[in-house]
Amino acid sequence: RLQNILSLDDFETAARKHLPRPLFGYIAGAAEDNISLKANRQSFQDYSFSTRVMVDVAKRNQQTTIFGETYASPFGVAPVGISAISAYRGDIVLAQAAASAGIPAIMSGTSLIKMEDVHQAAPGTWFQAYLPGDTSRIAGLIDRVEAAGFKTLVLTVDIPVWANRENNVRTGFSMPLRPSLRLAWDGMIRPRWLVGTFMRTLLSHGMPHFENSFATRGAPMLSNSAIRDTTGRDHLTWQHVQEIRRRWSGNLVIKGVLSEHDALRAVEAGADGIIVSNHGGRQLDGAAAPLEVLPGIVDKVGHQTVVMMDSGVRRGADVIKAMALGARMVFLGRPFMYAAAVGGQVGVDHAITLLRDEVDRNMAMLGARSSQEITADCILSKVR
Ligand code: FMN
(Lines give C-alpha, C1' and ligand atoms only; values in the text may rest on other atoms or scores of the structure.)
Protein backbone atom coordinates (compact mmCIF):
# COMPACT_ATOMS: atom_id res chain seq x y z
CA ARG A 1 0.00 0.00 0.00
CA LEU A 2 3.03 2.23 0.23
CA GLN A 3 2.75 2.82 -3.50
CA ASN A 4 -0.28 4.99 -2.73
CA ILE A 5 1.87 7.20 -0.54
CA LEU A 6 3.25 9.79 -2.92
CA SER A 7 4.24 12.55 -0.53
CA LEU A 8 5.01 12.96 3.15
CA ASP A 9 1.57 14.44 3.75
CA ASP A 10 0.04 11.14 2.58
CA PHE A 11 1.65 9.52 5.61
CA GLU A 12 -0.29 11.91 7.83
CA THR A 13 -3.56 10.86 6.19
CA ALA A 14 -2.66 7.20 6.63
CA ALA A 15 -1.56 7.70 10.26
CA ARG A 16 -4.84 9.42 11.09
CA LYS A 17 -6.63 6.20 10.15
CA HIS A 18 -4.06 3.89 11.70
CA LEU A 19 -3.52 5.41 15.15
CA PRO A 20 -5.93 5.77 18.08
CA ARG A 21 -7.18 9.34 18.16
CA PRO A 22 -5.27 10.41 21.31
CA LEU A 23 -1.98 9.20 19.84
CA PHE A 24 -2.53 10.79 16.46
CA GLY A 25 -3.56 14.00 18.24
CA TYR A 26 -0.43 13.94 20.37
CA ILE A 27 1.77 13.81 17.28
CA ALA A 28 -0.19 16.15 15.02
CA GLY A 29 -1.05 18.72 17.63
CA ALA A 30 0.71 21.88 18.69
CA ALA A 31 -0.01 24.55 21.31
CA GLU A 32 -3.04 26.76 21.92
CA ASP A 33 -4.24 28.26 18.61
CA ASN A 34 -1.66 26.57 16.37
CA ILE A 35 -0.37 29.95 15.19
CA SER A 36 3.25 28.79 15.03
CA LEU A 37 2.28 25.44 13.54
CA LYS A 38 0.62 27.23 10.62
CA ALA A 39 3.37 29.85 10.38
CA ASN A 40 5.96 27.11 9.99
CA ARG A 41 4.30 25.91 6.78
CA GLN A 42 3.49 29.42 5.55
CA SER A 43 7.09 30.56 5.98
CA PHE A 44 8.25 28.31 3.13
CA GLN A 45 5.69 29.87 0.79
CA ASP A 46 7.20 33.26 1.46
CA TYR A 47 10.04 32.25 -0.85
CA SER A 48 10.06 31.30 -4.50
CA PHE A 49 12.82 29.80 -6.61
CA SER A 50 15.02 31.62 -9.06
CA THR A 51 16.12 28.91 -11.49
CA ARG A 52 19.23 28.51 -13.63
CA VAL A 53 18.34 26.58 -16.79
CA MET A 54 20.48 24.77 -19.36
CA VAL A 55 23.08 23.88 -16.76
CA ASP A 56 24.65 20.42 -17.05
CA VAL A 57 23.04 18.85 -13.98
CA ALA A 58 23.49 15.25 -15.09
CA LYS A 59 25.61 14.57 -12.02
CA ARG A 60 23.86 15.70 -8.86
CA ASN A 61 24.92 15.23 -5.30
CA GLN A 62 22.95 16.26 -2.22
CA GLN A 63 25.55 15.16 0.33
CA THR A 64 26.38 17.41 3.22
CA THR A 65 29.18 17.19 5.78
CA ILE A 66 28.63 17.98 9.44
CA PHE A 67 30.96 17.36 12.37
CA GLY A 68 33.31 15.50 10.03
CA GLU A 69 30.56 13.10 8.95
CA THR A 70 29.30 13.05 5.36
CA TYR A 71 25.56 12.46 5.16
CA ALA A 72 23.82 11.27 2.00
CA SER A 73 21.13 13.97 2.21
CA PRO A 74 20.79 17.32 3.95
CA PHE A 75 17.88 16.20 6.13
CA GLY A 76 17.48 14.02 9.19
CA VAL A 77 15.07 12.65 11.76
CA ALA A 78 14.13 15.04 14.59
CA PRO A 79 13.67 13.66 18.10
CA VAL A 80 10.10 12.55 18.80
CA GLY A 81 9.13 11.53 22.31
CA ILE A 82 7.45 8.25 23.30
CA SER A 83 7.60 7.09 19.69
CA ALA A 84 7.49 3.44 20.74
CA ILE A 85 3.83 3.81 21.70
CA SER A 86 2.85 4.76 18.13
CA ALA A 87 5.29 2.53 16.25
CA TYR A 88 6.64 -0.79 17.47
CA ARG A 89 10.18 -0.10 18.79
CA GLY A 90 9.80 3.38 17.26
CA ASP A 91 13.16 4.84 18.29
CA ILE A 92 15.03 1.88 16.85
CA VAL A 93 12.99 1.86 13.65
CA LEU A 94 13.69 5.57 13.06
CA ALA A 95 17.38 5.27 13.92
CA GLN A 96 17.94 2.22 11.73
CA ALA A 97 16.08 3.66 8.75
CA ALA A 98 18.18 6.83 9.01
CA ALA A 99 21.40 4.85 9.35
CA SER A 100 20.67 2.74 6.30
CA ALA A 101 19.88 5.87 4.27
CA GLY A 102 23.03 7.61 5.52
CA ILE A 103 21.21 10.49 7.23
CA PRO A 104 21.31 11.59 10.88
CA ALA A 105 18.64 10.65 13.43
CA ILE A 106 18.28 12.22 16.84
CA MET A 107 16.76 9.92 19.45
CA SER A 108 14.52 11.62 21.98
CA GLY A 109 15.36 11.69 25.65
CA THR A 110 11.64 11.21 26.22
CA SER A 111 11.93 7.72 24.83
CA LEU A 112 10.62 4.42 26.04
CA ILE A 113 13.63 2.45 24.81
CA LYS A 114 17.01 2.54 26.51
CA MET A 115 19.54 4.82 24.87
CA GLU A 116 22.08 1.97 24.99
CA ASP A 117 19.80 -0.24 22.87
CA VAL A 118 19.26 2.48 20.27
CA HIS A 119 22.97 3.21 20.07
CA GLN A 120 23.71 -0.46 19.60
CA ALA A 121 21.17 -0.74 16.79
CA ALA A 122 22.39 2.42 15.01
CA PRO A 123 25.68 3.76 16.41
CA GLY A 124 25.61 7.02 14.44
CA THR A 125 22.43 8.21 16.19
CA TRP A 126 22.54 11.53 18.08
CA PHE A 127 21.07 11.75 21.58
CA GLN A 128 18.68 14.51 22.64
CA ALA A 129 18.37 15.39 26.31
CA TYR A 130 15.98 17.42 28.35
CA LEU A 131 17.96 18.55 31.34
CA PRO A 132 16.68 17.35 34.67
CA GLY A 133 15.41 20.22 36.83
CA ASP A 134 17.38 18.64 39.65
CA THR A 135 20.81 19.74 38.42
CA SER A 136 22.64 17.26 40.63
CA ARG A 137 21.52 14.64 38.10
CA ILE A 138 22.96 16.36 35.02
CA ALA A 139 26.47 14.95 35.39
CA GLY A 140 25.19 11.39 35.69
CA LEU A 141 23.09 11.81 32.57
CA ILE A 142 25.97 13.20 30.52
CA ASP A 143 28.26 10.40 31.67
CA ARG A 144 25.66 7.81 30.74
CA VAL A 145 25.23 9.27 27.24
CA GLU A 146 29.00 9.19 26.81
CA ALA A 147 29.34 5.64 28.17
CA ALA A 148 26.60 4.50 25.79
CA GLY A 149 28.84 5.68 22.94
CA PHE A 150 26.96 8.68 21.51
CA LYS A 151 29.12 11.28 19.78
CA THR A 152 26.57 14.08 19.47
CA LEU A 153 24.45 15.44 22.28
CA VAL A 154 21.48 17.69 21.50
CA LEU A 155 20.20 19.81 24.37
CA THR A 156 16.64 20.98 23.91
CA VAL A 157 16.31 24.34 25.59
CA ASP A 158 12.82 25.56 24.71
CA ILE A 159 10.96 23.79 27.51
CA PRO A 160 11.30 25.83 30.71
CA VAL A 161 7.68 24.80 31.31
CA TRP A 162 5.30 22.63 29.32
CA ALA A 163 3.21 24.39 26.75
CA ASN A 164 -0.55 24.60 26.92
CA ARG A 165 -1.48 21.74 24.61
CA GLU A 166 -5.25 21.89 24.85
CA ASN A 167 -5.40 19.62 21.88
CA ASN A 168 -4.14 16.73 24.02
CA VAL A 169 -6.93 17.26 26.51
CA ARG A 170 -9.51 17.36 23.74
CA THR A 171 -8.32 14.14 22.12
CA GLY A 172 -7.85 12.30 25.41
CA PHE A 173 -4.04 12.16 25.52
CA SER A 174 -2.39 12.69 28.87
CA MET A 175 0.85 12.09 30.66
CA PRO A 176 0.81 9.76 32.48
CA LEU A 177 -1.38 8.01 29.97
CA ARG A 178 -4.66 7.26 31.72
CA PRO A 179 -6.45 4.11 30.63
CA SER A 180 -10.05 4.95 29.78
CA LEU A 181 -12.98 3.37 28.05
CA ARG A 182 -12.51 5.83 25.24
CA LEU A 183 -8.86 4.87 24.81
CA ALA A 184 -9.75 1.17 24.92
CA TRP A 185 -12.49 1.60 22.30
CA ASP A 186 -10.25 3.70 20.15
CA GLY A 187 -7.60 1.00 20.25
CA MET A 188 -10.07 -1.77 19.51
CA ILE A 189 -11.30 -0.19 16.32
CA ARG A 190 -7.70 0.11 15.12
CA PRO A 191 -6.60 -3.53 15.26
CA ARG A 192 -3.41 -3.05 13.25
CA TRP A 193 -2.09 -0.64 15.86
CA LEU A 194 -3.55 -2.64 18.76
CA VAL A 195 -1.97 -5.92 17.70
CA GLY A 196 1.04 -4.72 15.70
CA THR A 197 2.27 -2.11 18.14
CA PHE A 198 0.58 -2.23 21.50
CA MET A 199 0.12 -5.98 22.11
CA ARG A 200 3.41 -6.80 20.46
CA THR A 201 5.20 -4.33 22.76
CA LEU A 202 3.45 -5.63 25.87
CA LEU A 203 4.16 -9.25 25.04
CA SER A 204 7.79 -8.76 24.03
CA HIS A 205 8.95 -5.98 26.34
CA GLY A 206 6.25 -5.40 28.96
CA MET A 207 4.66 -2.08 29.88
CA PRO A 208 6.68 0.83 28.44
CA HIS A 209 8.86 2.76 30.87
CA PHE A 210 10.74 6.04 30.56
CA GLU A 211 14.33 4.98 30.28
CA ASN A 212 16.45 8.03 29.61
CA SER A 213 16.60 11.72 30.42
CA PHE A 214 12.99 12.76 30.60
CA ALA A 215 11.75 11.25 33.83
CA THR A 216 13.15 9.08 36.57
CA ARG A 217 14.70 6.08 34.91
CA GLY A 218 12.32 3.18 34.94
CA ALA A 219 9.17 5.22 35.58
CA PRO A 220 6.25 3.34 34.02
CA MET A 221 4.35 5.29 31.43
CA LEU A 222 1.09 4.85 33.27
CA SER A 223 2.23 6.07 36.67
CA ASN A 224 2.51 9.49 38.23
CA SER A 225 6.23 9.02 38.72
CA ALA A 226 6.48 9.36 34.94
CA ILE A 227 5.91 13.07 35.24
CA ARG A 228 7.35 13.80 38.66
CA ASP A 229 10.70 14.83 37.22
CA THR A 230 9.46 16.71 34.21
CA THR A 231 8.83 19.93 36.05
CA GLY A 232 11.25 22.26 37.80
CA ARG A 233 13.27 23.12 34.70
CA ASP A 234 12.40 26.79 34.75
CA HIS A 235 15.52 27.80 36.69
CA LEU A 236 18.00 26.45 34.14
CA THR A 237 20.31 28.94 32.39
CA TRP A 238 23.22 29.13 29.95
CA GLN A 239 25.43 28.51 32.97
CA HIS A 240 24.19 24.90 32.97
CA VAL A 241 24.98 24.61 29.27
CA GLN A 242 28.51 25.79 30.01
CA GLU A 243 28.87 23.19 32.75
CA ILE A 244 27.73 20.50 30.36
CA ARG A 245 30.21 21.75 27.79
CA ARG A 246 33.01 21.23 30.30
CA ARG A 247 31.90 17.66 30.96
CA TRP A 248 30.89 16.58 27.43
CA SER A 249 33.72 16.13 24.95
CA GLY A 250 31.55 15.14 21.97
CA ASN A 251 29.61 17.45 19.65
CA LEU A 252 27.20 19.69 21.51
CA VAL A 253 24.09 20.95 19.72
CA ILE A 254 21.56 23.40 21.17
CA LYS A 255 18.01 22.85 19.90
CA GLY A 256 15.29 25.46 20.21
CA VAL A 257 17.11 28.69 19.40
CA LEU A 258 15.01 31.38 17.68
CA SER A 259 16.98 34.61 18.06
CA GLU A 260 20.37 35.98 17.06
CA HIS A 261 20.98 36.82 20.70
CA ASP A 262 20.52 33.22 21.82
CA ALA A 263 22.49 31.87 18.87
CA LEU A 264 25.40 33.94 20.10
CA ARG A 265 24.89 32.77 23.67
CA ALA A 266 24.94 29.17 22.45
CA VAL A 267 28.21 29.77 20.62
CA GLU A 268 29.69 31.47 23.69
CA ALA A 269 28.61 28.49 25.79
CA GLY A 270 30.64 26.29 23.44
CA ALA A 271 27.99 24.78 21.15
CA ASP A 272 29.28 23.08 18.01
CA GLY A 273 25.90 23.48 16.39
CA ILE A 274 22.42 24.90 16.87
CA ILE A 275 19.02 23.80 15.64
CA VAL A 276 16.81 26.79 14.93
CA SER A 277 13.43 25.41 15.97
CA ASN A 278 10.10 26.34 17.52
CA HIS A 279 9.56 22.70 18.45
CA GLY A 280 7.17 22.20 15.55
CA GLY A 281 4.90 24.88 17.04
CA ARG A 282 4.44 22.81 20.19
CA GLN A 283 5.86 25.25 22.74
CA LEU A 284 5.31 29.04 22.68
CA ASP A 285 2.37 29.62 20.34
CA GLY A 286 3.19 32.68 18.27
CA ALA A 287 6.94 32.02 18.38
CA ALA A 288 8.65 32.91 15.10
CA ALA A 289 8.83 30.34 12.36
CA PRO A 290 12.45 29.15 12.18
CA LEU A 291 12.73 29.97 8.47
CA GLU A 292 11.86 33.59 9.25
CA VAL A 293 14.77 34.04 11.65
CA LEU A 294 17.23 31.71 9.95
CA PRO A 295 18.99 34.26 7.68
CA GLY A 296 19.72 36.63 10.57
CA ILE A 297 21.05 33.80 12.72
CA VAL A 298 23.23 32.46 9.90
CA ASP A 299 24.63 35.95 9.36
CA LYS A 300 25.46 36.25 13.03
CA VAL A 301 26.95 32.84 13.86
CA GLY A 302 27.08 30.83 10.63
CA HIS A 303 30.85 31.26 10.40
CA GLN A 304 31.35 29.97 13.97
CA THR A 305 28.90 27.11 14.31
CA VAL A 306 26.81 24.67 12.30
CA VAL A 307 23.35 26.16 11.87
CA MET A 308 20.55 23.64 11.32
CA MET A 309 16.78 24.03 11.48
CA ASP A 310 13.49 22.17 11.86
CA SER A 311 9.73 22.84 12.00
CA GLY A 312 7.38 22.60 9.06
CA VAL A 313 9.65 20.90 6.51
CA ARG A 314 7.47 18.63 4.35
CA ARG A 315 8.93 18.76 0.84
CA GLY A 316 12.26 18.63 -0.91
CA ALA A 317 11.54 22.21 -1.96
CA ASP A 318 11.42 23.19 1.72
CA VAL A 319 14.75 21.49 2.37
CA ILE A 320 16.29 23.46 -0.49
CA LYS A 321 14.83 26.79 0.65
CA ALA A 322 16.22 26.28 4.15
CA MET A 323 19.62 25.43 2.70
CA ALA A 324 19.53 28.46 0.44
CA LEU A 325 19.03 30.55 3.58
CA GLY A 326 22.08 28.97 5.16
CA ALA A 327 20.91 25.84 7.02
CA ARG A 328 23.45 23.04 6.75
CA MET A 329 20.91 20.35 7.72
CA VAL A 330 17.17 20.28 8.35
CA PHE A 331 15.19 17.89 10.49
CA LEU A 332 11.63 16.58 10.25
CA GLY A 333 9.59 15.36 13.21
CA ARG A 334 5.98 14.43 12.46
CA PRO A 335 6.33 13.00 8.93
CA PHE A 336 8.91 10.36 9.87
CA MET A 337 6.93 9.50 12.98
CA TYR A 338 3.78 8.92 10.89
CA ALA A 339 5.81 6.81 8.48
CA ALA A 340 7.16 4.66 11.34
CA ALA A 341 3.65 4.22 12.77
CA VAL A 342 2.08 3.26 9.46
CA GLY A 343 4.83 1.19 7.90
CA GLY A 344 7.63 0.51 10.39
CA GLN A 345 11.11 0.71 8.94
CA VAL A 346 9.86 0.11 5.40
CA GLY A 347 7.59 3.13 5.88
CA VAL A 348 10.43 5.35 7.05
CA ASP A 349 12.65 4.12 4.20
CA HIS A 350 9.88 5.12 1.81
CA ALA A 351 9.51 8.57 3.41
CA ILE A 352 13.24 9.18 3.14
CA THR A 353 13.24 8.07 -0.50
CA LEU A 354 10.34 10.37 -1.35
CA LEU A 355 12.09 13.36 0.20
CA ARG A 356 15.45 12.48 -1.30
CA ASP A 357 13.92 12.21 -4.77
CA GLU A 358 12.17 15.56 -4.32
CA VAL A 359 15.44 17.23 -3.35
CA ASP A 360 17.21 15.61 -6.27
CA ARG A 361 14.58 16.53 -8.89
CA ASN A 362 14.30 20.07 -7.60
CA MET A 363 18.05 20.54 -7.61
CA ALA A 364 18.07 19.58 -11.30
CA MET A 365 15.28 22.04 -12.17
CA LEU A 366 16.96 24.70 -10.09
CA GLY A 367 20.30 24.19 -11.84
CA ALA A 368 22.19 23.16 -8.69
CA ARG A 369 24.55 20.19 -8.83
CA SER A 370 25.58 20.04 -5.20
CA SER A 371 24.53 21.26 -1.78
CA GLN A 372 27.21 23.95 -2.08
CA GLU A 373 25.45 25.33 -5.15
CA ILE A 374 22.23 25.86 -3.19
CA THR A 375 22.82 29.46 -2.21
CA ALA A 376 20.84 32.61 -1.52
CA ASP A 377 20.84 33.29 -5.30
CA CYS A 378 18.48 30.34 -5.75
CA ILE A 379 15.52 31.96 -4.00
CA LEU A 380 13.56 35.19 -3.91
CA SER A 381 11.72 36.51 -0.91
CA LYS A 382 8.10 37.51 -1.50
CA VAL A 383 8.07 39.41 1.78
CA ARG A 384 9.31 42.95 1.42
N1 FMN B 1 11.72 17.64 20.47
C2 FMN B 1 12.64 17.32 21.39
O3 FMN B 1 13.67 17.97 21.48
N4 FMN B 1 12.44 16.25 22.22
C5 FMN B 1 11.32 15.48 22.18
O6 FMN B 1 11.19 14.53 22.93
C7 FMN B 1 10.33 15.83 21.23
N8 FMN B 1 9.19 15.12 21.15
C9 FMN B 1 8.29 15.41 20.15
C10 FMN B 1 7.16 14.60 20.02
C11 FMN B 1 6.29 14.82 18.96
C12 FMN B 1 5.10 13.94 18.82
C13 FMN B 1 6.55 15.85 18.03
C14 FMN B 1 5.65 16.06 16.85
C15 FMN B 1 7.65 16.65 18.18
C16 FMN B 1 8.54 16.45 19.23
N17 FMN B 1 9.67 17.24 19.39
C18 FMN B 1 10.59 16.92 20.36
C19 FMN B 1 9.95 18.33 18.44
C20 FMN B 1 10.70 17.79 17.22
O21 FMN B 1 11.98 17.35 17.56
C22 FMN B 1 10.84 18.86 16.14
O23 FMN B 1 11.38 20.03 16.70
C24 FMN B 1 9.51 19.18 15.46
O25 FMN B 1 8.70 18.05 15.35
C26 FMN B 1 9.78 19.76 14.08
O27 FMN B 1 8.61 20.12 13.47
P28 FMN B 1 7.84 19.20 12.38
O29 FMN B 1 7.11 18.16 13.15
O30 FMN B 1 6.94 20.19 11.74
O31 FMN B 1 8.86 18.62 11.45
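Over the chain, average the accessible area per residue using a 1.4 Å probe and give it in Å², no decimals.
On the way: 16190 Å² over 384 residues.
Heavy-atom accessible area per residue stands at 42 Å².
Which whole-number percent is the relative contact order of the chain (Cα, under 8 Å, 6+ apart)? Kindly include the intermediate steps, with their values, before the conclusion.
Numbers: 796 pairs, mean separation 109.0, N = 384.
Computed value for the chain: 28 percent relative contact order.
Once phi is turned into θ = phi - 60°, what whole-Hz ³J(HN,Hα) does the Karplus curve with 6.51, -1.76 and 1.60 give for every residue of the range 76-81, x standing for Gly and Pro?
Computed from phi, the couplings for the range 76-81 are x, 9, 6, x, 10, x Hz.
Answer rounded, prolate or oblate for the range 8-98, using the Cα gyration tensor with square roots of eigenvalues a ≥ b ≥ c: rounded when a/c is under 1.5, else prolate when a/b is larger than b/c, else oblate.
Working: a/c = 2.31, a/b = 1.44, b/c = 1.60.
Here the range 8-98 falls in the oblate category.
Among residues other than I352 whose Cβ falls under 13 Å from its Cβ, what is the net charge (Lys/Arg +1, Asp/Glu -1)? Could you put the intermediate results ahead of the total?
Details: positive: R356; negative: D349, D357, E358, D360.
Value of the local net charge: -3.
From the square roots a ≥ b ≥ c of the eigenvalues of the alpha-carbon gyration tensor of the range 280-382, which class results: rounded (a/c under 1.5), prolate (a/b over b/c), or oblate? Walk me through the intermediate numbers first.
Values: a/c = 2.10, a/b = 1.22, b/c = 1.72.
Oblate.
About the Cα centre, and with charges only on the beta carbon of Lys, Arg (+1) and Asp, Glu (-1), how big is the dipole of the chain? Nearest 20 debye, please.
On the way: 41 positive and 36 negative charges, 170 e Å.
Using Cβ point charges on Lys, Arg, Asp and Glu, the chain gives about 820 debye.
Quick one: what are the phi-derived ³J(HN,Hα) couplings along the range 19-28, Karplus 6.51/-1.76/1.60 with θ = phi - 60°, whole Hz, x for glycine and proline?
The phi angles translate into 9, x, 4, x, 6, 4, x, 4, 6, 6 Hz.
For I254, enumerate residues with amide H under 5 Å from its amide H, sequence gap 5+ or separate chain, H modeled in the peptide plane.
HN-HN under 5 Å from I254: L155, G273, I274, I275.
Distance between the C-alpha centers of the range 98-124 and the range 318-379? Whole Å please.
One Cα centre to the other: 20 Å.
Among M308, M107, M175, whose mean-square fluctuation peaks in a Gaussian network model of the chain (Cα, cutoff 10 Å)?
Comparing M308, M107, M175 in a Gaussian network model of the chain, the most mobile one is M175.
Just add up the charged neighbours of R178: K/R +1, D/E -1, any other residue whose Cβ is under 15 Å from the Cβ of R178.
Details: positive: R21, R170, R182; negative: D186.
That works out to +2.
Cross-link candidates for K382: which lysines have Cα within less than 19 Å, leaving aside residues fewer than 8 places away along the same chain?
K38, K321
Carbon and sulfur together cover what percent of the accessible area of the range 2-381 at a 1.4 Å probe radius?
Working: 8240 of 15550 Å².
The nonpolar share, carbon plus sulfur, comes to 53 percent.
With a/c under 1.5 counting as rounded, go ahead and sort the range 2-381 into rounded, prolate or oblate using the C-alpha gyration tensor (a ≥ b ≥ c being the square roots of the eigenvalues; past the cut-off, prolate if a/b is larger than b/c, else oblate). Show your work: numbers first, answer last.
Working: a/c = 1.61, a/b = 1.23, b/c = 1.31.
It is oblate, given that a/c is not under 1.5 and a/b is not larger than b/c.
Over the range 227-384, what relative contact order in percent results from Cα pairs under 8 Å that are six or more residues apart? List each step's numbers first, then the result.
Working: 204 pairs, mean separation 26.5, N = 158.
In percent, rounded to a whole number, it is 17.
Quickly estimate the mean residue ellipticity at 222 nm for the chain, helices only: each DSSP H run with n ≥ 4 gives -39500 (n - 2.57), and the total goes over all residues, rounded to 500. All intermediate terms of the calculation are to be shown ahead of the outcome.
Values: 15 runs with 157 residues, N = 384.
-12000 deg cm²/dmol, from helical runs alone.
May I ask you to evaluate 6.51 cos²θ - 1.76 cosθ + 1.60, the Karplus curve with θ = phi - 60°, for each residue of the range 283-290 and list the ³J(HN,Hα) values in order in whole Hz, giving x for glycine and proline?
Values per residue, Gly and Pro as x: 10, 6, 6, x, 4, 4, 6, x Hz.
Excluding residues fewer than 8 places away in the same chain, name every one of the aspartates and glutamates whose C-alpha is closer than 19 Å to that of K114.
Partners within reach: D91, D143, E146, E211, D229.
The values are calculated or read from the model by the stated rules, or taken from the named source; none is laboratory data. Source: prediction; values computed, not measured. For neighbour counting, all protein chains shown are included, and Cβ atoms are generated from backbone atoms with ideal geometry for every residue, glycine included. In case anyone asks, the SASA skips ligands and DNA or RNA and just uses the protein heavy atoms, side chains included. Shrake-Rupley method; radii C 1.70, N 1.55, O 1.52, S 1.80 Å.
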